[in-house]
Amino acid sequence: MFYLRLARGYRVPDLGRWLLTALAAAVVAAFLLRSLGRAMSDPLGGTDAVARLLWCLPPLAAVAWFAAVAARSVPARRPERIAGLTAAGAGSRRIRSLIAGEVALACTLGSVVTLLLFLVLRNDIAGPSLAPDLGMGVPLPAAAPVTLLALVPLTAGIAAACAVPANETLPGGRTRSRTGFGALRIALPIGLVVVGAALELIALRPGAAVDGRPIHLPAGLGSTSTDALGAWAASALGLALLTGPLLAWTGRLLAVGRPTPLRLLAGRGLTAQARRLGPPLAVLTLVVAMVLTTIRYWIGTPDSADALPAIEACLVLGCAAAAVVSRLAEVRIDRRDVTEALLRLGASPRLLFGAVALRTLAVGTTLLVTGGATAALAAAGLR
Amino acid sequence: MSAAPPDNDVVWARGIVKSHYGTPALRGISIGVRDGEVLAVTGPRGSGKSTLLGCLSAQLAVDEGEVWFNSSPVHTLGRAGRERLRRDRFGFVGSEPHLVPELTARENVALPLLLAGAGNKAAYTAADEWLERLDVGDVARQRPDRLVQGQCQRIAVARALAPLPPVVFADDPTAPLHREAAEQVLRILTSAARSHQLTLVLATHDPELVRFADRAVALVDGRLTAPAAPVPRGTPAQGTPGASAVTATRR
């Protein structure tokens, strides 16, 4: 009941977030139930069944990531809700569990809808083409779908609860987040990128010995060697981790020399927000790079495209993009005071808009570099 | 309605009415600010001081009445015109510093000058001078998040004074400061105003600080009560209303 009352106060962005979470959870639940149905139809499936179940992990992780980023923005977006709950006697733990409960409820709703659809389709409605996916004709053990579907709200809820720092669940507890990057935070990703790229080059050199045990990639992507895949993973991780520091440096570069107010505001603003904008943007860039590489491979190789990986890619992309939007909204609200102060000083809205545009351009250029490098390394490994 | 105001009024308002979402904040105020004077606007919290300063400094549009600056109407100006007026003619210090967190102290102070189109060198020289004058010259290259509230407020005062605007509005500028620092900041603010012939409109809830002003008017419930004479009141509430409401409920 409490959540329903909270939901009555929802505005359009909240409602959109809630529905998006439910939709994403429904799709993940569909993947999970499909792997269950396949396993029921083919009890001796062996490693295929495990692989199918493992392929549910990326969408599950995407939903959890979006839930975490969205939950992280609640103290900034709804300070009055935090203040009200605190005034009503809710402590840090309870507020976090409330935020997590909201997410879990959305996920449960999505999962239940999928489960109902699954049960209805099993009832001889679906044609023979869907029969193996639904495990038709095999009795359904009740515990299996419940266990599988509990996974979605549980993962997303825990991710959401962990994402909200305890001190931000107190009114006025929002502190200015740290802006700099430590030496390790810069050295580690650079090391990963350099070592990963070097190893991949070595693995792909023309005279390299053929890997005796190639890894068969899913989604019709052919196969590759263990070395190349590991090296690419290391460099992709490094590039993702490097995104934040790179954004901060781009900001410094923008404000270098004797900057005009436009360059000063755009550059310094980017440097200050790099730490917060970095992670969601890095995840989005990584996902986009992987999806584009896959599409390019599909176009070049006939009969390799498949519907399920495409749906999965759409889901992961959507979650990553929604996480970026959520973080942008959070940053924007956090900077409302600053924007007001600048307007009071007489800065024109056009100047502020120009600063945002310049900042966006700089961010886009940086992400093109990291995403392009990730995609190029992935494309090289696929050959 | 009164006759035309005296020629030496730099800012004047006639019969201004302003409400916030239906709650009346100003109920017909007529006030004139003379050129080069330090005018104190006193009154308890919620009496409409901030709204009055907002209307006079072209931040808020009035619902009714007129606001004039140097014989030109402010109440008829559009958003762009008010922006230009604020940037080129007015300085503002709020009860909170509201500095841009990612800029250093000197960049914050130089920003209004840069916005007004001053050269880089001139802007930063003026910024350094004003920071020095307000005793925060040693932290000129620090960001506000490394500084204490008192230092930030001094930087905010320097930011308002650096472009030497004809009129400076100070809305309870000493709220975040302790008594000693408050006196010093007010002394600097008023002496700077006098030495540069700036007009200073100072809103304060502390009747003791009225002695820094040439003239005082008192506001109660959105009306001027006793023009030209400070109204001694009981000890005003300390701390911001939002914070006290929250701390009262937190255990």
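Peptide A:346-357: average number of partner chain Cβ atoms within 10 Å per residue?
Whole-number average of other-chain Cβ neighbours for A:346-357 is 3.
Could you give me the percent of Cα pairs per 5 Å distance bin for the range A:239-383, shortest bin first, beginning at zero and ending with the bin that holds the maximum distance?
2, 10, 16, 18, 17, 12, 9, 7, 5, 3, 1, 0, 0
If I take the Cα coordinates of chain B and project them onto the principal axes, what are the three extents in Å, biggest first?
Here the Cα extents, ordered largest to smallest, are 51, 50, 33 Å.
Do any residues of the range A:325-340 lose at least 10 Å² of accessible area when the full set of protein chains is present rather than just their chain alone, and if so which, with a 1.4 Å probe?
A:335, A:337, A:338
Using the Cβ atoms and a cut-off under 11 Å, what net charge is assigned to the surroundings of residue B:183, where Lys and Arg are +1 and Asp and Glu are -1?
Summing Lys and Arg as +1 and Asp and Glu as -1 gives 0.
What would the Debye formula give as log10 I(q)/I(0) at q = 0.13, 0.18 Å⁻¹ for the alpha-carbon point model of the range A:2-169, no solvent?
-0.66, -1.03
Tell me the total accessible area that A and B bury against each other, 1.4 angstrom probe, in square angstrom rounded to 100.
So the buried area, both faces added, is about 2400 Å².
Percent antiparallel among DSSP beta bridges with both residues in the range B:80-227, to the nearest 5?
Close to 20 percent.
Summarise the accessible area of the range A:16-105 (1.4 Å probe, protein heavy atoms) by the percent that is carbon and sulfur.
68
Over the protein assembly as shown, what is the percentage of antiparallel beta bridges among all DSSP beta bridges, to the nearest 5?
55
In chain A, which whole DSSP H runs stretch at least 18 Å along their own axis (Cα) and average 1.0 or higher on the Kyte-Doolittle scale?
Helix filter hits for chain A: A:12-41, A:57-72, A:92-122, A:143-163, A:183-203, A:226-254, A:307-334, A:349-382.
Using a loss threshold of 50 Å², tell me which positions in the range A:247-264 are less accessible in the complex than in their chain alone. Probe radius 1.4 Å, ligands and nucleic acids ignored.
A:258, A:261, A:264
Under a Cβ-Cβ cut-off of 14 Å, what is the net charge of the residues other than residue A:115 that fall near it, where Lys and Arg count +1 and Asp and Glu count -1?
Overall, the nearby charge balance is +2.
Is the C-alpha gyration tensor of the range B:138-197 telling us rounded, prolate or oblate? Criteria: a/c under 1.5 is rounded; beyond that, a/b larger than b/c is prolate, otherwise oblate.
It comes out oblate by the Cα gyration axes.
State, to one decimal in nm², a quarter of the convex hull surface area for the C-alpha atoms of chain A, i.e. the direction-averaged projected area.
Mean projected area for chain A: 23.6 nm², to one decimal.
Picking from A:62, A:110, A:89, whose Cα lies most toward the positive end of the charge dipole for the range A:2-169 (charges on Cβ: Lys, Arg +1; Asp, Glu -1)?
A:89
Counting only other residues whose beta carbon sits under 14 Å from that of residue B:140, what net charge do I get with K and R as +1, D and E as -1?
Value of the local net charge: +1.
The values are calculated or read from the model by the stated rules, or taken from the named source; none is laboratory data. Computed from a predicted model, the values in this text were never measured in an experiment. Using ideal geometry, Cβ is built from the backbone for each residue, glycine included, and neighbour counts are taken over all protein chains shown. Calculation scope for accessible area: heavy atoms of the full protein, side chains included, ligands and nucleic acids excluded. Shrake-Rupley method; radii C 1.70, N 1.55, O 1.52, S 1.80 Å.
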